[in-house]
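The values are calculated or read from the model by the stated rules, or taken from the named source; none is laboratory data. Fair warning: this is a prediction, and the values are worked out from it, not measured in the lab. Please note: Cβ atoms are built from the backbone with ideal geometry, for glycine as well, and neighbour counts cover all protein chains shown.
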Amino acid sequence: MIAMQWKICAAAFAAAVLGGGVLAAALEPRERVVRVTARRFEYDPPRVALKRGEPVVLELTSRDRRHGFKLPELGIHGEALPGEVLAIHLRPEVAGTFDFACDVFCGSGHDDMEGEIVVTE
Amino acid sequence: MIGFDRRDFLKLAGLGGVVFASGLGFPGRTAMAAGDDFYFVQMSDTHWGFQGKQVNPDAQGTLRKAVAAVNELPHQPDFIMFTGDLTHTTDDPQERRRRLAEFRDIIGDLNVKAIRFIPGEHDASLDEGEAFKEFFGPTHYTFAHKGINFVALDNVSDPSGALGADQLAWLKAHLGTLDRAQPLVVLAHRPLFDLAPEWDWATRDGAEAVALLMPFESVAVFYGHIHQEHHHMTGHIPHHAATSLMFPLPAPKSQPKRVPVPWDAAAPYRGLGFRSVETYGRELELEEHPLAGTT
């Protein structure tokens, strides 16, 4: 079931690598920005609360090393890198809880590095 | 085997092993002389350094028990292959080396000295295989043994669980030098197919490697990582996962989280063991050797 519209915008991704100022120009209007920081062995915040139908961009970065961000239920897969921002644009269309996790092996707590996106009405 | 049929040997051995055999590969090997038959042992996921009494209260003894069990095999294998996660991960590079050294010392008691290794993500993903190479050499390589070509792959030094473009190019170039009529055995840590990507039981670019193997009529893949016996076909290529020598994991996607199966005091060492693989005429014959019930 496709519960959300997801897109990792190529332009935004390229802009993200270049810096926040360029990134801002690439964003769609009215998108709420939610920043998620990965670090061993957790995401901050671990729980992302969204409203159904709300356009959002997740800005994913890493504080220490390369981490993964996989949300297999929806086919989302990206990586968080120190000094870079990965922009994931989404508009949730169905309420529910969607788990994400790190799939880049990062150490002794790797298996517990996970979080969730909670979409409410 | 010498003096009697291998099948009879398997029946006589009485080791509680389970034979998985027949038609698993190597249909092109009919021309090989019977004298070329041999077997090797696959040991995997020893996770030396793991601590967790709920999962394995004999974490210090299980590997030694396996070494003793291999040494007690009535006919010793031509070689032994360790398919990764020799050690349990640690964030301390010095501790990683200490564990690798202890592992090396323990398996030094194996009677068979022809031993090959590939890393698992616990050994190599945090330093791109640097410490592993110091102890055991290259993380991917090839060799041949009695008419069978072997390719050992590294799908863990990249922490994302990928072979990478360079290794795929190396694999393609090497396969191009081989006679496709000769049997080929591929060794890896992670599965080369998407067994359960949500549990990291996959190789990101594994499909590209499998595509390169497809032209070979007689090819089989042996891997570890999932801590349980598992058999899967991609086209005509069988993929065989080995049990662990530290703790079992649940069946793919059988529960929400991939957590170790707790120790069962009523059946100690259940789910742990090693495997022997024998080339036998046209067949590739697998025998599982559980540690449970051994002395």
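Brief remarks on what is shown
- You will find that of B:86, B:24, B:63, the residue that is at pLDDT below 95, crowded, with 18+ Cβ neighbours inside 10 Å and among the aliphatic types (A, V, I, L, M) is B:24 and no other.
- Subset tally (residues that are touching a helix residue (DSSP H, G or I) at 6+ places or on another chain (Cβ under 8 Å) and either within 14 Å of chain A (Cβ to nearest Cβ) or among the basic types (Lys, Arg) (or both)) for segment B:243-258: 3
- Number of residues in segment A:45-76 that are farther than 16 Å from residue A:106 by Cα, within 11 Å of chain B (Cβ to nearest Cβ) and not hydrophobic (A, V, I, L, M, F, W, C): the value is 3.
- Of all residues in segment B:184-205, those being more than 20 Å from residue B:43 (Cβ to Cβ) and either surrounded by 24 or more Cβ atoms within 10 Å (Cβ to Cβ) or away from chain A (no Cβ under 11 Å) (or both) number 6.
- Tallying residues that are within 20 Å of residue B:65 (Cβ to Cβ), outside any loop (DSSP other than H, G, I, E, B) and either more than 20 Å from the chain's Cα centre (by Cα) or of a type outside the set (A, V, I, L, M, F, W, C) (or both) within segment B:102-121 yields 3.
- Any hit, segment B:218-226, residues being within 14 Å of another protein chain (Cβ to nearest Cβ), within 20 Å of residue B:187 (Cα to Cα) and touching a Phe, Trp or Tyr at 6+ places or on another chain (Cβ under 7 Å): yes
- Within segment B:157-169, residues that are part of a helix (DSSP H, G or I) reach partners that are of a type outside the set (A, V, I, L, M, F, W, C) with beta carbons closer than 8 Å, at six or more positions or on different chains, in the pairs B:167/B:140; B:167/B:154; B:168/B:205; B:168/B:208.
- Index of the failed condition, residue A:103 passing every other in (1) in contact with a His (Cβ under 9 Å, 6 or more places away or on another chain); (2) free of Cβ contacts under 8 Å to residues at least 40 places away in the same chain; (3) away from chain B (no Cβ under 12 Å): (3)
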